[in-house]
Amino acid sequence: MLESLQYLIGGFSLATTMQNLAYCLIGAIVGTLIGVLPGLGPIAGIALLIPATFGLNPTSALIMLAGIYYGAMYGGSTTSILLNVPGETASVITCIDGYQMAQQGRAGPALAICAIGSFIGGTLSILGLTFLAPPLAEAALAFGPAEFFSLMVFGFVVLSNVTGTSLLKALMMAVVGLILGTIGLDPVTGNERFTFGSTYLLGGIEFVAVAIGIFGIGEILVNAAKPAKLLEQRVLVPRFRELYPSLQDLKRSIGAILRGTGVGFGVGLVPGPAPVIATLNSTGALEMQSNGTMFLQVYAPPYYFFTGPYVMKDFEHYMRVWDGPLGQAARAQLEQKGNLKYLGTVYRGLRQMTTKKPVYTPADVYGLKLRLPNVPTWMAVWKAMDADPIAVPLPDLYNALKTGRAEASEGDLPQIASFKLDEVQSHLIITNHLVQTGGMLIHKPFFDKLSKADQDLIVKAGKEAEAWANNKIKTGEAAILVDLQRKGRQVVIPDAESFRAKAMPAVDGLFKTQWSVTTWAEVLAQ
Amino acid sequence: MKASDATGGFVLLFFGGITAALSLRMPIGTFRAAGTGLFPLCLGVLLMALASIFLLTLRVQALSQSQRNAGSREAPESHRQMLLFLGAIILSTLLLDPLGYPLSALVLLVALLRILGVTQWRMNLLISSVTTGVAYLVFVHWLKIPLPMGWLGR
């Protein structure tokens with residue numbers, strides 16, 4: 001506690017210099033302007049304005065970005081109150097009361113109360129988080145599927161109490177919302193649901209789009225249906241005094257603000273709807289997982305070189321290293337730090353590159369806007385090869401390539417085929433730059449509680465699943481390659497050694513700074 | 001029975017039916033090992049059940065009151081205006097890819113202002129052009145948001 005207080009005082013002394021307060025003010029103003037624009041929330045605002053902070057020192061830059069974040073959060077409520085169009089997801093609820101107040105000529109007090117409420121809620125939440133972060137983080141991580149389900153049920157119970165006169169209508173609308181929420185990729189199986197072949201729908205329907213449709217377009221259509229005279233009558237001209245809230249307004253609001261602070265603080269702690277699987281598996285909320293290699297990055301980061309670009313020669317080389325002393329050490333660290341017992345390795349294919357032009361040598365990737373997942377080590381290697389890496393979430397990849405936001409992508413062949421990237425890319429470059437694998441892991445305390453017979457059965461099933469999956473993916477990889485060629489995509493086999501040589505300084509650098517348990521030369525020697 | 005409520009009830013009944021029918025094309029699985037289609041199938045059936053109860057309630061209410069409540073009706077002119085508005089929005093969405101953002105936004109604004117009663121073409125074009133220009137500068141130039149440019153971008 002005392003330590004937290006010292007850090008907090010130190011932070012305040014840095015943050016409250018005139019210079020940093022000025023940057024915060026600029027950030028908040030620009031953030032508010034961004035937040036007013038429908039569809040652009042705080043995260044998008046920060047992403048767009050990061051370049052504006054490049055010239056600043058790190059502290060001022062972070063303070064300015066915080067200003068942008070909070071400004072954008074508040075900006076979203078401005079259009080909710082004035083136009084019934086939410087600027088971003090969090091301000092949808094503001095439409096309900098705020099717009100009603102605006103229609104009564106009380107937009108000024110509504111905007112002021114919103115700002116005061118945001119300030120009180122934000123400040124108290126940050127103070128609470130500063131002092132209570134470690135125990136609250138443990139509680140938040142214990143939030144598993146059963147708790148999420150309970151929270152959803154609680155949401156529906158609350159919904160039934162705030163829906164006016166007809167419970168039946170509210171329930172029907174809730175079910176329609178849930179149906180719309182199922183559009184996109186099924187989070188459990190990865191299969192498509194109601195996408196009708198459209199890649200735009202793979203990522204689902206954004207909540208902001210639905211909210212703007214319901215509130216914004218709904219409001220426009222309602223007004224369009226009214227005679228012009230009726231609309232003119234609704235323009236109210238308040239006096240200046242009426243633009244800020246009265247003491248009575250504040251007295252009535254303070255209870256709701258404090259209630260909102262408590263609820264918002266609790267809900268904000270819960271991990272998002274796509275929690276990190278590795279963490280859930282580590283805490284026992286998930287008993288088993290079979291996905292990528294994120295568990296290494298989270299619980300054994302010095303061993304994440306297994307999935308570093310150009311580190312491994314091929315899958316056989318990968319398995320030799322994984323079955324050797326380095327792999328054993330990685331598995332030991334996973335058990336010790338992540339409570340995870342490793343059961344098997346699934347080969348997912350070699351990662352290749354897709355482009356709109358042929359790539360033969362490293363010079364051809366100069367300035368190429370290459371889409372990568374948000375993995376810092378991968379970005380570092382491609383940046384060192386003079387490409388221009390851009391982090392785009394997988395469901396948005398197709399559109400990013402189509403609109404030109406990204407010019408090239410990299411991934412394993414099943415990914416290239418399942419996301420139909422061949423429709424927006426003309427060339428497949430066989431770079432073989434990364435051996436993509438997935439791990440099967442089980443929560444170790446859960447495994448240890450099982451009988452010896454059950455443990456043996458799980459280990460045996462893991463080995464069988466590994467052999468079956470590896471065979472299936474290797475066969476499928478060849479079939480995908482033939483299919484892509486049949487569709488007329490140009491397959492280019494570049495000079496692999498020159499690519500490896502170009503990547504060498506960056507990969508060597510990563511072995512020195514991030515993966516210091518070994519060297520690249522030692523890995524290649526196995 | 002209120003006509004708008006009844007229409008809404010039938011639309012939701014139909015929507016639930018379509019959802020359930022499309023879900024049946026996906027793997028359903030079991031409740032212990034749910035397939036992709038199980039959750040939407042349950043939701044589709046639930047929506048149909050709720051919509052049926054809603055329609056029945058409306059029918060019972062209508063019979064007990066033994067009088068038909070026509071509900072509030074908009075003037076035919078207002079309905080026409082609303083439909084034109086909706087049509088303009090749908091049309092501009094369809095034109096977004098071939099015409100690009102600047103031109104389709106301009107077409108949409110000209111149409112909307114015309115529907116709203118701005119009859120002077122000069123004033124209409126001035127407001128539409130300035131608004132489109134500002135939106136283009138903010139979104140495309142300043143915020144670098146990739147929007148389709150249509151044949152203007154070629």
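Where in the stretch A:165-182 is the amide nitrogen less than 16 Å from a point lying 7 Å along the Cα-to-Cβ axis of B:THR57? Counting backbone N atoms under 16 Å from the label point, the list is A:165-176. Site pair A:ILE29 and A:LEU62 shows an inter-label distance of 2.5 nm when each label is modelled 7 Å from Cα along Cα→Cβ.
Applying both filters, DSSP loop and at most 14 other Cβ atoms within 10 Å, to the trypsin sites (Lys or Arg not before Pro) of the stretch A:351-425 gives A:LYS356, A:LYS420.
Could you tell me how many degrees, from 0 to 90 and to the nearest 10, lie between the Cα long axis of helix A:167-181 and the main elongation axis, the longest principal axis, of the Cα atoms of chain A? It works out to around 30 degrees. Restricting attention to chain A, close to 70% of DSSP beta bridges with both partner residues there are antiparallel.
Across peptide A:42-49, the average count of Cβ atoms from other chains found within 10 Å of a residue's Cβ is 1. Backbone phi angles across the stretch A:387-392, fed through the Karplus curve with coefficients 6.51, -1.76 and 1.60 (θ = phi - 60°), yield HN-Hα couplings of 7, 10, x, 9, 7, 10 Hz in residue order; Gly and Pro are listed as x.
Rounded to the nearest 10 degrees, the angle from helix B:38-65 to the longest Cα principal axis of chain B is 80 degrees.
Residues whose amide H lies under 5 Å from that of A:VAL492, counting only those 5 or more places away or on a different chain, are A:LEU428, A:ILE429, A:ILE430; hydrogens are built 1.01 Å from N in the peptide plane.
In which sequence would A:HIS427, B:HIS141, B:HIS79 go, from the one with the fewest C-beta neighbours within 10 Å to the one with the most? Kindly include the intermediate steps, with their values, before the conclusion.
Working: A:HIS427 17, B:HIS141 9, B:HIS79 13.
Listed from fewest to most nearby Cβ atoms, that is B:HIS141, B:HIS79, A:HIS427.
Take each residue of peptide A:166-179, count the partner chain Cβ atoms within 10 Å of its Cβ, and average: the result is 6. Listed by Cβ neighbour count within 10 Å, with the fewest neighbours leading, A:GLU316, A:GLU410, A:GLU287 appear as A:GLU316, A:GLU287, A:GLU410.
Karplus-derived 3J(HN,Hα) values for the stretch A:426-435, using 6.51 cos²θ - 1.76 cosθ + 1.60 with θ = phi - 60°, are 9, 10, 10, 9, 7, 8, 6, 7, 8, 8 Hz; glycine and proline are entered as x. Cross-link check: pairs A:LYS369/A:LYS502; A:LYS313/A:LYS337; A:LYS341/A:LYS474; A:LYS341/A:LYS452 evaluated at a Cα-Cα cut-off of 22 Å; pairs beyond the cut-off: A:LYS313/A:LYS337; A:LYS341/A:LYS474. Its Kirkwood hydrodynamic radius, worked out from the mean inverse distance over all distinct Cα pairs, puts chain A at 26.9 Å. Here's the picture: a label point sits 7 Å out from the Cα of A:THR189 along the beta-carbon direction, and within the stretch B:25-48 the residues with their amide nitrogen under 13 Å of it are B:25-42.
Taking R0 as 25 Å, what FRET efficiency do you get between A:SER150 and B:ILE18 from their Cβ-Cβ distance, rounded to the nearest 0.05? Display every interim value, and only then the final one.
Numbers: r = 31 Å, r/R0 = 1.23.
So the FRET efficiency works out to roughly 0.25.
Qualifying trypsin sites (Lys or Arg not before Pro) in the stretch B:78-153, where qualification requires a DSSP coil assignment and no more than 14 other C-beta atoms within 10 Å, comprise B:LYS144. Counting only lysines at least 8 places from A:LYS169 when in the same chain, those with an alpha carbon closer than 30 Å to its own are A:LYS226, B:LYS2.
The length gained on full extension between A:MET288 and A:ASP448, counted as 0.36 nm times the residue separation minus their Cα-Cα distance, comes to 56.3 nm. Per-residue extension of 0.36 nm, minus the Cα-Cα distance of A:ALA209 and A:ARG486, leaves a gain of 95.9 nm for this segment. Rounded to the nearest 10 degrees, the inclination of helix A:18-36 to the longest alpha-carbon principal axis of chain A is 90 degrees. When B:VAL134, A:VAL375 are arranged by Cβ crowding within 10 Å, least crowded first, meaning fewest neighbours, the order is B:VAL134, A:VAL375.
List the chymotrypsin sites (Phe, Trp or Tyr not before Pro) within the stretch A:1-93 that fall in a DSSP loop (any state other than H, G, I, E or B) and whose Cβ has at most 14 other Cβ atoms within 10 Å. Sparse-neighbourhood loop chymotrypsin sites (Phe, Trp or Tyr not before Pro): A:PHE54.
Close amide-amide hydrogen proximity is noted between A:GLU410 and A:THR354, A:ARG371, each under 5 Å apart and 5 or more residues distant or on a separate chain (H modeled in the peptide plane; Pro and chain starts excluded). Using 0.36 nm per residue and subtracting the Cα-Cα separation, the extra length available between A:LEU167 and A:LEU21 on full extension is 47.7 nm.
On the basis of the beta-carbon distance and an R0 of 30 Å, A:ILE254 and B:VAL134 show a calculated FRET efficiency of 0.15.
Bear in mind these aren't lab numbers, they're just calculated from the coordinates by the rules spelled out. Computed from a predicted model, the values in this text were never measured in an experiment. Note: ideal-geometry Cβ built from the backbone for every residue, glycine included; neighbour counts use all protein chains shown.
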